[in-house]
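What follows is a single structure, written as structure tokens, with notes after it.
The values are calculated or read from the model by the stated rules, or taken from the named source; none is laboratory data. In this text, all values refer to a predicted model and were calculated from it rather than measured experimentally. A quick note on method: Cβ atoms are made from the backbone with ideal geometry, for glycine too, and the neighbour counts reach across all protein chains shown. Accessible surface areas use protein heavy atoms only, side chains included; no ligands, DNA or RNA. Shrake-Rupley method; radii C 1.70, N 1.55, O 1.52, S 1.80 Å.
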Amino acid sequence: MVPANQRQQQRQKKRGFTLAEMLVASTLLAIVMSAVYVSFNSALRVWRSGDRDAAAYQDSRVSMAIMSRELHSIIAGTEHMVRGTRNSLEFFAAVPPMDPDEADATRVLWIRYQMARSSGERGRTLQRTEAIVTGPLPLWEPGMPEPMSTPVRMGRRHSFDLATGLRDLEFTYLWVLPLPEDEVVQDPGPLEVHENREGWGLPQGVRIRLTMTDEFSERGHTPFQTMVVFRGVTTPFGEGVSGGPAGGTFQ
């Protein structure tokens with residue numbers, strides 16, 4: 001027979017955890033797992049936000065490059081049809097379309113850039129709209145009679161979102177002021193206008209400023225800026241059709 005004290009030792013060895021021990025262990029495990037989850041979720045949220053902002057910055061830089069290239073491709077003779085406001089700009093250029101069904105060759109396009117509302121939660125978007133020109137353009141050169149306002153035949157319009165998370169889009173049109181020939185005066189620099197009416201012509205430059213929402217910036221946003229200086233034919237200040245920019249209201 002097994003002695004009584006030996007049977008008692010065997011029963012003690014086979015005994016499991018008590019309910020109190022299980023509750024304490026479960027509570028400690030829940031606390032540890034909650035801390036791990038919060039840390040992991042925070043790190044994942046920061047990574048996703050950083051990745052999204054990096055993509056937005058890359059999109060804004062690419063958009064700047066696309067706008068600069070297309071503005072330098074404005075068709076000669078259509079300068080009088082370049083028109084824009086503070087946050088939109090439209091013109092005619094000879095560039096490949098973004099429409100994948102038509103992107104095999106350079107075409108004559110009507111192009112408009114503007115800030116549009118986004119369907120998501122990332123603010124607004126930089127929207128590019130294009131249409132292939134299917135009819136003749138009313139070309140004009142200085143010295144010719146003022147062109148008639150003839151509608152241009154165009155195909156279907158297609159819109160593309162180039163960048164998301166926009167806080168602001170600003171176009172500034174720069175006109176070089178003529179200096180008196182018989183006076184020695186200090187160059188005042190270009191005149192900055194937030195409007196370019198149809199008929200004013202092509203200014204000497206356009207400044208493009210994109211402001212992107214930035215969660216990591218103290219100001220909550222980050223600006224991107226580029227300057228497009230036209231080296232081809234531009235309209236002298238005050239000498240364009242319809243009176244030129246000198247007849248407009250400056251802001």
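Restricting to the range 178-197, give me the number of residues that are surrounded by fewer than 16 Cβ atoms within 10 Å (Cβ to Cβ) and either at positive phi or modelled with pLDDT of 85 or more (or both). Spell out how you get there, then give the answer.
The first filter runs over the range 178-197 and keeps only residues surrounded by fewer than 16 Cβ atoms within 10 Å (Cβ to Cβ), leaving 178-189, 192, 194.
From the residues that got through so far, the ones that are either at positive phi or modelled with pLDDT of 85 or more (or both) too are 189, 192, 194.
Residues that pass the stated criteria total 3.
On the given criteria, is Thr172 open to solvent by 80 Å² or more (accessible area, probe 1.4 Å), at pLDDT 85 or above and out of contact with any Cys (no Cβ under 8 Å at 6 or more places or on another chain)? The answer is no for Thr172. So, Asn41, is that one at pLDDT 90 or above and more than 21 Å from Arg231 (Cα to Cα) or not? Considered against the rule, which asks whether it is at pLDDT 90 or above and more than 21 Å from Arg231 (Cα to Cα), Asn41 comes out as no.
Just checking, how many residues over the range 102-126 are modelled with pLDDT of 85 or more and either of a type in the set (Ser, Thr, Tyr) or open to solvent by 40 Å² or more (accessible area, probe 1.4 Å) (or both)?
9
The set of residues in the range 76-101 that are open to solvent by less than 30 Å² (accessible area, probe 1.4 Å) and hydrophobic (A, V, I, L, M, F, W, C) comprises Met81, Val82, Leu89, Phe91, Phe92, Ala93, Val95.
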